[in-house]
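The values are calculated or read from the model by the stated rules, or taken from the named source; none is laboratory data. This one's a predicted model, so the numbers in the text were calculated from it and none came from an experiment. Positions of Cβ are backbone-derived with ideal geometry, glycine not excepted, and every protein chain shown enters the neighbour counts.
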Amino acid sequence: MPMEIELKLRLSPAQARRLPSLPSLSGRVPQKYRLLNTYYDTPDFALRNRGIALRLRRKGWAVWLMTVKCGASGAGGLAQRSEWEAPTQPGVFNFSIVTDNSLREFLVSHQHALQPVFSTDFTRTAWTLTLAGSVVELALDRGKISAPGVGGSTAPVSKPLCELELELVEGASPDALFALAIELADELHLHPEIASKAERGYALSDAALAGPVKAFASTVTQDMRPIDAFRSIALSCLLQLQRNEAGAVVGENPEYVHQARVAIRRLRSAFKLFSPVLEAGFVKVYGPRWGKLAGGLGSARDWDVFLTETLAPLEEAFPGDADLAVLRARGESTKAKAQAAAGVTLKQKGYSQLLLAFTAALFRVAAPTIEASGKASRTRLRKFAARRLQKRAEMIELLVNEHAKMNAERRHELRISFKKLRYALEFFTPILPRKRLLAYQISVAKIQDLLGTLNDQVTASRLIKEMHPKGERDSLTRGWIAGRTQLLLEALGVELRKFVAGQKPW
């Protein structure tokens, strides 16, 4: 089956103009040609729903090509997709070139309903480079994506297109693509692009921003080595992060920032969970960098929780209260600033470089230079998971023993421990007994929710102090928070006793 391996990178027109003068390309004569592409689907988007992109391409003036691609772009801008391409004529679809029988039958069965959905029109400037035994095509595409009018409008809509595609022409490893991208990124601001041209074309047709994306289900399997499981999980975390980038940058819905933070928390938790099979240098380089990024996104979520979870019920109970009105105005203003700051963080060159470098490292993570040489690296995943889960559960049980005399800081530690256990359970879900796992996960989720709400009360108290100038009264909110905290602590004690008595699923 033909396989396309390419790395997509977004850049600004100003950065694109600098590209030919960089040392990697200086003195090299590129090919330059125009590409007109029309993408086809059925009225109900049957192809898109199955992850298929079908296009007819005119290259130059006379060459026509039909292309079928299957599979989505991955984390860090790297796409590894099945691809079939052959000469054709305008409006002619010959699916005999597709070697996947099921896919070919699906396309033939829908051929009668195919219609144009959107198009791309761009000029490609392409250089062919030989790097460390691999041949790479570096292509700069500049033009536009266009779609018919939406929402009853007859006027077409279009969006500028400016991106780099680094395609592996000869070779099996993406290392050469990342090496070139990282070299170029030292001079230019290049951002890994996870949305293909087809995906962006469909989005333009829908005229809607994709909703916030939650964590993807784990795809680890019993036969994976622990190091391979870590790579699979880390790439999934990166994908969730990048799927929420655009919404977080727009800044209108705080859930995008929240889900971006969740992705980073899960990634950092995976670092700790798989530490026995990760080289210390790998963790030392990337652990702090992801921690710093998480800090840049943190305050936006805190303010959103305060306004929706703490202040809103108070406003409902005490409508028209002047102090609450002041808190609302100041809170909304500060939240907006925090949202904007989070968006700025995700637009920085340093973030783009981190994505590139970390994704490159993940594709080398199974190599002997990174994989730990100890017994843990050779252990089967099920045994490794059982040991790591047991260790996390034991740490929690030690903390639970002092629950009755815990202060807010120690409860925060307990909350983080439960969060790590929950993430670990989610990572290993495919290889754990399903029946026992479900009951255990429900118990963990209940406790984490209670601890999270308790932590929200502590955060709310801190934010109120930040907003209230000296001498202003906040007795109403302080009383509300104190009463709610007591009720939550009583409920937490009940759930912790159930958890300790429960059966572990490993």
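Structure above, values below:
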{"quantity": "Pairs where the first residue, in the stretch 471-486, is in a loop (DSSP other than H, G, I, E, B) and the second is of a type in the set (V, I, T) and modelled with pLDDT of 70 or more, C-beta under 7 Å, 6+ apart", "calculated": "D474/I464"}
{"quantity": "Breaking point among (1) modelled with pLDDT under 90; (2) of a type in the set (G, A, S); (3) under 22 Å from L273 (Cβ atoms), for G479", "calculated": "(3)"}
{"quantity": "Given (1) surrounded by 14 or more Cβ atoms within 10 Å (Cβ to Cβ); (2) over 29 Å from the mean Cα position of the chain (by Cα), number of the condition K32 does not satisfy", "calculated": "(1)"}
{"quantity": "Residue, modelled with the lowest pLDDT, within the stretch 58-75, restricted to residues that are crowded, with 18+ Cβ neighbours inside 10 Å and not in a loop (DSSP other than H, G, I, E, B)", "calculated": "A75"}
{"quantity": "Residue in the stretch 267-285 that is surrounded by the fewest Cβ atoms within 10 Å (Cβ to Cβ), counting only those that are among the basic types (K, R) and touching a residue at least 24 places away in the same chain (Cβ under 8 Å)", "calculated": "K272"}
{"quantity": "Filter result (touching a residue at least 12 places away in the same chain (Cβ under 8 Å) and more than 19 Å from N49 (Cβ to Cβ)) within the stretch 89-107", "calculated": "Q89, P90, G91, V92, N94, I97, T99"}
{"quantity": "The stretch 76-102, residues that are touching a Gly at 6+ places or on another chain (Cβ under 7 Å) and either polar (S, T, N, Q) or surrounded by fewer than 18 Cβ atoms within 10 Å (Cβ to Cβ) (or both)", "calculated": "Q80, S82"}
{"quantity": "Filtered residue count, the stretch 328-365, keeping only those that are within 14 Å of H189 (Cα to Cα) and part of a loop (DSSP other than H, G, I, E, B)", "calculated": "3"}
{"quantity": "Selection from the stretch 385-410 of residues that are free of Cβ contacts under 8 Å to residues at least 60 places away in the same chain, over 20 Å from P505 (Cα atoms) and not acidic (D, E)", "calculated": "L399, N401, K405, M406, N407, A408, R410"}
{"quantity": "Wholly within the stretch 76-190, strands (runs of 3 or more DSSP E) carrying at least 3 residues that are of a type in the set (V, I, T)", "calculated": "115-131, 134-147"}
{"quantity": "Qualifying position, being hydroxyl-bearing (S, T, Y) and either in the same structural domain as P192 (by TED's automatic domain parsing) or modelled with pLDDT of 90 or more (or both), among T359, T379", "calculated": "T359"}
{"quantity": "Among the residues listed as F230, F216, F178, the single one being touching a residue at least 12 places away in the same chain (Cβ under 8 Å) and farther than 30 Å from L389 by Cβ", "calculated": "F178"}
{"quantity": "Test: A300 is within 23 Å of L190 (Cβ to Cβ), in contact (Cβ under 8 Å) with a residue 40 or more places away in the chain and part of a helix (DSSP H, G or I)", "calculated": "no"}
